[in-house]
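Take a look at the structure below.
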Ligand SMILES: [Zn+2]
């Protein structure tokens with residue numbers, strides 16, 4: 001059993017799906033780590049495509065769609 005001693009980031013992130021144009025909010029537990037690509041992604045709640053997680057919303061790093 002795990003007990004949380006100090007809660008980590010509960011920050012909410014925003015993403016926009018390039019495929020279906022859905023804008024959504026997600027949190028750290030929603031992230032999926034893709035070992036093969038060494039990439040952290042989040043699944044679009046509408047079309048289920050994987051979108052690369054951008055930890056820093058102010059960064060201008062453009063990401064390729066999978
Ligand atoms: Zn989508």
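Read-outs throughout are calculated quantities, based only on the coordinates presented, and are distinct from any laboratory measurement. No experiment lies behind these values; they were computed from the predicted model shown. Don't worry about glycine lacking a Cβ; one is built from the backbone with ideal geometry, like all the others, and counts go over all protein chains shown.
Here are some notes:
- Exposure proxy for 30, 21: other Cβ atoms within 10 Å of each Cβ, ordered fewest to most, give 21, 30.
- For segment 12-52, projected area of the alpha-carbon convex hull averaged over all directions, nm²: 2.7 nm²
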